[in-house]
Amino acid sequence: MNKKIATLIAGILLVGIVSAGLLTHFAVITGEVIVEGPVFYLDGTHLDGGVYHELYVNEIPPEEEIYFWDGHRLVFKTENLGVDEFYQAEFTMKIWMITNNTGNTIQARIIKLDEENHESTICEVINPVSIGAISSFTKYTFSCESDSEIDLSNYDRIGIEVWGNGDENQEYWISTGKLYTDGYSRVEVSAI
C-alpha cells in the first residue's frame, strides 16, 4: 500500500515538473504590473542660503511654514535623480497655503535643473491660482503635463517653482509637513 502511494506521489511530481518545463518552452506568462509614480514633498530646508528649498522624493518632511511675497519666488528641488530620462507625466501639485489678502494669485511650474542650477521648464500651470485663505491653511490643487518624455542627465534634478502675481504687499505662507486630512504639500506624478 505504501509503495502505491509513493509511486502515485512520484508520478504527480513528475507530471508537474514536465508541465512546468513545457510551459516555459511553449508558452508565455503574462501579467499586469501597476507602477506608481514618485511623490515629491515640499520641505522648508534652505539650500545654498537662498531661494532653493528641498524637495523630498517619497519621504515625508518635517512640519514647517515658508514665507514669501510677490516679486520673489520659491524653488523646491530634488537631489540628483541619477536617471537619464523620465516618462511623459502629469504633475499634480497639492499645496497648503494662506495669504494676507483674499484674491491673491500664485503661479507654478515644474522645472528641470542641471548641475549649475540652470532651469528649464518641463510644464507650467496655464492659469494663475487664486489663493483666498487668510485665516487657516487650505489645500490648493493645480496641475500641468509634460509634452513628451523628459530627457535628464545623471546630475539633473526635478523642481517646482512657485511665485506670486501681485505687488510686493501680497504675502503667502506654505505649510510643508503638517498632516492634514489630505496629506502634505506635495507633487504627485502619474504617467500619461
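Each value in this text was obtained by applying a stated rule to the coordinates, not by laboratory testing. Since the model is a prediction, treat every value here as computed from it, not as a measurement. Backbone-built Cβ (ideal geometry, glycine too); neighbour counts: all protein chains shown.
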Taking R0 as 22 Å and r as the Cβ-Cβ distance between residue 85 and residue 48, the FRET efficiency 1/(1 + (r/R0)^6), rounded to the nearest 0.05, comes to 0.25
Under 10 Å, Cβ to Cβ, from residue 56 - net charge with Lys/Arg +1 and Asp/Glu -1: -3
Length added when fully stretched, residue 124-residue 63, from 0.36 nm per residue minus Cα-Cα: 19.3 nm
Using label points projected 7 Å from each Cα along Cα→Cβ, tell me how many nm separate residue 117 and residue 168, to one decimal. 2.1 nm
Return the long-range amide H neighbours of residue 87 (sequence gap of 5 or more, or a different chain), with a cut-off of under 5 Å between placed amide H atoms. 150
